[in-house]
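The values are calculated or read from the model by the stated rules, or taken from the named source; none is laboratory data. Fair warning: this is a prediction, and the values are worked out from it, not measured in the lab. Note: ideal-geometry Cβ built from the backbone for every residue, glycine included; neighbour counts use all protein chains shown.
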Amino acid sequence: MKTLSTLIILLTVNVLVLGCAPNTKENEMQQFITSHVKKVRPLQKEQSLAWWDAATTGKSEDYDRASELTLKIRQIYSDPREFEFLKDSKASGQVKDAALARQLDVLYRSYLRNQMEPELLKTIVSLSTEIEENFSTFRGTIAGEKVTDNEIKEILKTQTDSGQRNQAWLASKQVGSAVAEDLVRLIKLRNQAATKLGFENYHTMALALVEQEVEELDKIFAELYELTNEPFVALKADLDEKLAANCGVEISELKPWHYHDPFFQETPMVYALDLDVYYADKDIKKLAAEFYAGIGLNVESVLANSDLYEREGKNPHAFCTDIDKEGDVRILCNIKSNESWMETTLHELGHAVYDKYHDPEVPYLLRQPAHAFTTEAVAMFFGRLSRNPAWMQRMLGLSDQQRREIEEVSDRYMQLKQLIFARWAMVMYNFEKALYADPDQDLNALWWRMVEQYQLVKKPEGRDAPDWAAKIHFTVAPCYYHNYMLGELLASQLHHYLVYKIFKLKSDENVSYVGQAKAGAFMRKKVFEAGDLYHWNEMIDRATGEPLTAKYFVAQFVK
Ligand SMILES: [Zn+2]
């Protein structure tokens, strides 16, 4: 490995020989990037392949190899001298070339997140692993009998006896009490690490590391709150009426356990919607490939490298991975012929086309999505089609009558699903922000204040328990949850732009996207190709003519 001083000497020589000195800092930066990419590129490819092998085989030696490579890469990014160099380059303000400055920024944040004190980092990792293990082994009890999460969910979905629902709900919260103390300790340790790196707290640091600012997110969430307030009140009144009737109680007697999951984050199953019948004898892979080809995005090469069906030892979930940033993009699925796997396959292929169609001219370090939530948005945009009646009619060859049947329930269901999720995401975002700002406050009371305000669910009388701590995301994926909501907002913003500005339609009622090459071309040119060349909000502005907003999500789902 060349040291920095050698690099600088080489550079000075270069400048002298060439006889012009455009900008020493920029030259230094370019040298640094070249040598850095030379180091990390082969390792990152090897690491991606190792994780892929691990996920597809389930073999422990593959997992070990993957972890080793991850550690090796982390070591590069934790080098304090290189970090200082990047910090100085940034502070100098001399790296002005746009693509170079962008790469410097990406590098600076990658190094910054790995500058935690090794001892403190070790304590944080081991405590969070301990809590995570506690989560996976803890079983709540009903009348002294242990119950699994699935059993709790089943009771909340189907039971009509309020007493039994109450017991199941209480059982779901017991893990909160079991982990709360450790979790508060973990949050304080995370804050400690963040303040040492010059941040106010861990929440502001986590956001800054992915180019998000509290004020910016506050504004988006406030807009979403305002725009969904009235419709949510109406929708929830309607829902409460049905839930109360189902359990034979008065609306005024409804408690948190009358909703169909422990946090009221999902849609209660009161509006029947079974789309599986339409997908029962269909080839999901073929449908997805045909659809993407029809909009001019070829996924054949992706599918050829992918692992699509269930197998012993294989990861049971789904994901997409960009192996080499040179076109080897793969998805892992466990496809079955039902609606949920249609959604998932379209979703993962959405991530895949984003990765596949980055402009190869864009520098290696920027050949990635602009943000985790922008690729999520594209994936959601395509995933939503599996429930879109117009799309289903075109792709599955349904009759008008069948389409009308789907429309009757699916629009209502989508509206409920999105509104319920939006209000729940507000609880998660605002609570987490306040949690890191002051972990010593009365968190139990804070949680219920937010649940009452955003979800309109009343705290059970006298309840004072760490119900918030039962949500595993605070432990395993801190300060990330809001990105799911931002993804939904952007998916709707892209949809709106395509329908009203590109297709120039008056309504999105009949939009199926099937065969609409203009949609694929727009995504490719305006979203995928740029990769991470711009800040996420600049990319959105360039693509849709305005920064991220909640308006179009509301326009699409609140009718
Ligand atoms: Zn995704």
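Summary of values
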| quantity | calculated |
| --- | --- |
| Residue in region 366-378 that is away from the ligand (no atom under 16 Å from the Cβ) and either touching a Ser or Thr at 6+ places or on another chain (Cβ under 6 Å) or among the aromatic types (Phe, Trp, Tyr) (or both) present | no |
| Counted residues, region 355-381 - those being among the acidic types (Asp, Glu) and outside any loop (DSSP other than H, G, I, E, B) | 2 |
| Filter result (within 30 Å of residue 55 (Cα to Cα) and free of Cβ contacts under 8 Å to residues at least 40 places away in the same chain) within region 80-117 | 110, 111 |
| Residue within region 315-333 that is away from the ligand (no atom under 15 Å from the Cβ) and touching a strand residue (DSSP E or B) at 6+ places or on another chain (Cβ under 9 Å) present | yes |
| All helices (runs of 4 or more DSSP H) inside region 428-524 with 1 or more residues being over 22 Å from the mean Cα position of the chain (by Cα) | 443-450, 517-522 |
| First in region 466-487 and farther than 24 Å from residue 536 by Cβ and of a type in the set (A, V, I, L, M, F, W, C), second anywhere and more than 16 Å from the ligand (Cβ to nearest atom) and assigned to a loop (DSSP other than H, G, I, E, B), Cβ under 9 Å, 6 or more apart | 470/262; 470/263 |
| Residue selected from region 334-365 under the condition polar (S, T, N, Q) and under 19 Å from the mean Cα position of the chain (by Cα), by the criterion farthest from the ligand (Cβ to nearest atom) | 340 |
| Scope region 144-162; condition out of contact with any helix residue (DSSP H, G or I) (no Cβ under 7 Å at 6 or more places or on another chain) and either surrounded by 14 or more Cβ atoms within 10 Å (Cβ to Cβ) or within 22 Å of residue 248 (Cβ to Cβ) (or both); matching residues | 149, 151, 153, 154, 157, 158, 161 |
| Qualifying residue in region 411-432 (condition: more than 16 Å from the ligand (Cβ to nearest atom) and among the small types (Gly, Ala, Ser)) | yes |
| So residue 384, is it outside any loop (DSSP other than H, G, I, E, B), farther than 27 Å from residue 333 by Cβ and either charged (D, E, K, R) or touching a residue at least 24 places away in the same chain (Cβ under 8 Å) (or both) | no |
| Selected residue (criterion: surrounded by the most Cβ atoms within 10 Å (Cβ to Cβ)) from residues of region 267-279 that are in a loop (DSSP other than H, G, I, E, B) and in contact with a helix residue (DSSP H, G or I) (Cβ under 7 Å, 6 or more places away or on another chain) | 267 |
| Evaluation of residue 378 against (1) crowded, with 21+ Cβ neighbours inside 10 Å; (2) farther than 18 Å from residue 543 by Cβ (one fails), failing number | (2) |
| Residue 398 being away from the ligand (no atom under 16 Å from the Cβ), over 16 Å from the mean Cα position of the chain (by Cα) and buried (at least 21 other Cβ atoms within 10 Å of the Cβ) | no |
| Residue satisfying all of: in region 414-458; charged (D, E, K, R) and without any contact (Cβ under 8 Å) to a residue 40 or more places away in the chain; surrounded by the most Cβ atoms within 10 Å (Cβ to Cβ) among these | 449 |
| From the options 180, 208, 244, residue that is of a type in the set (A, V, I, L, M), at pLDDT 95 or above, more than 26 Å from the chain's Cα centre (by Cα) and in a helix (DSSP H, G or I) | 244 |
